[in-house]
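To keep things clear, I will list the structure first and then write my remarks on it.
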């Protein structure tokens, strides 16, 4: 899940944590045309597109944490852009998309993906989603099955046996995290450069964290309204209880799960689901620790390409 997925206390204390957030310049996440869609259900959505190649569209969906954006999907965008039309979406609350103070929910993110597929892509597409973004992609595919040809899930959430805060408990946690005077200071802690390096370092052991990932995460987390969506994530309200059964098991499209080790989630329920659902397959991209598209980009892209070869021709 990335930055901010572990215990908040693991990064305390850090100096000047409670100072007001300072907005910094946010560059474009990808070297591609960035455009916007105004979604009736999700507000302004920013996305990157390279549609020069022909073929079935590919839509990339980033994760949810304290500082995500389309930048997380950069290696795959750059790899596949010469082969087919490729899009990378900034989900609501992140990147250049609408970061307003509103209720963020799994339904909001799924609606954003559906509206994007319908209004921008306008053709059945392959989805590649990362971490918690996989739950939103699955929900969108269930609600708009004709718009989604296949799904690739990178380090998907929803397969751990352990339960997460739900219902009233997660709402109480969110109320505490949103306390005036506390929420911005807490968010500053989670998105300081030392904290970002700490969390990303778990996915890149041995000091291999790409410096550009740290810098972009820092920049995107220091924009007006940057804390609103992550506070819903930290309180547990963006996870779907029993996602393996409620979401993944109901998918009818071909699905590939790519995984190995992850410092924040486990994949306990994945083998049984794959064994009992012929449209599912799983493959380890090893050795990786939760961000295979950055840690082993060539192996990740090759696994995706092999999966697509089994689908009906583009």
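The values are calculated or read from the model by the stated rules, or taken from the named source; none is laboratory data. As the structure is a computational prediction, the values presented were derived from the model and not from experiment. With ideal geometry, Cβ positions are generated from the backbone for all residues, glycine too; neighbour counts draw on all protein chains shown.
Numbers below:
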item	result
Complete set of residues in region 122-146 that are in a helix (DSSP H, G or I) and surrounded by fewer than 21 Cβ atoms within 10 Å (Cβ to Cβ)	142, 143, 145, 146
Unmet requirement for residue 225, which otherwise passes all of (1) part of a loop (DSSP other than H, G, I, E, B); (2) within 20 Å of residue 179 (Cβ to Cβ); (3) in contact with a helix residue (DSSP H, G or I) (Cβ under 8 Å, 6 or more places away or on another chain)	(3)
Residue list for region 261-287, filter: surrounded by 15 or more Cβ atoms within 10 Å (Cβ to Cβ) and in contact (Cβ under 8 Å) with a residue 60 or more places away in the chain	262, 263, 264, 265, 267, 269, 270, 273
In region 92-107, the residues that are touching a strand residue (DSSP E or B) at 6+ places or on another chain (Cβ under 7 Å) and within 22 Å of residue 144 (Cβ to Cβ)	92, 97, 98
Pair list, Cβ < 7 Å and 6+ apart or interchain, from region 175-191 residues that are on the phi < 0 side of the Ramachandran plot and modelled with pLDDT under 75 to residues that are in a helix (DSSP H, G or I) and surrounded by 16 or more Cβ atoms within 10 Å (Cβ to Cβ)	177/183; 177/186; 177/231; 177/234; 178/231
Test: residue in region 50-62 that is more than 16 Å from residue 127 (Cα to Cα) and surrounded by 24 or more Cβ atoms within 10 Å (Cβ to Cβ)	no
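Residue by residue, here is whether (1) modelled with pLDDT of 95 or more; (2) closer than 22 Å to residue 297 by Cα; (3) assigned to a loop (DSSP other than H, G, I, E, B) holds:
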{"position": "13", "(1), (2), (3)": "no, no, yes"}
{"position": "18", "(1), (2), (3)": "no, no, yes"}
{"position": "35", "(1), (2), (3)": "yes, no, no"}
{"position": "63", "(1), (2), (3)": "yes, yes, yes"}
{"position": "71", "(1), (2), (3)": "yes, yes, no"}
{"position": "78", "(1), (2), (3)": "yes, yes, no"}
{"position": "94", "(1), (2), (3)": "yes, no, yes"}
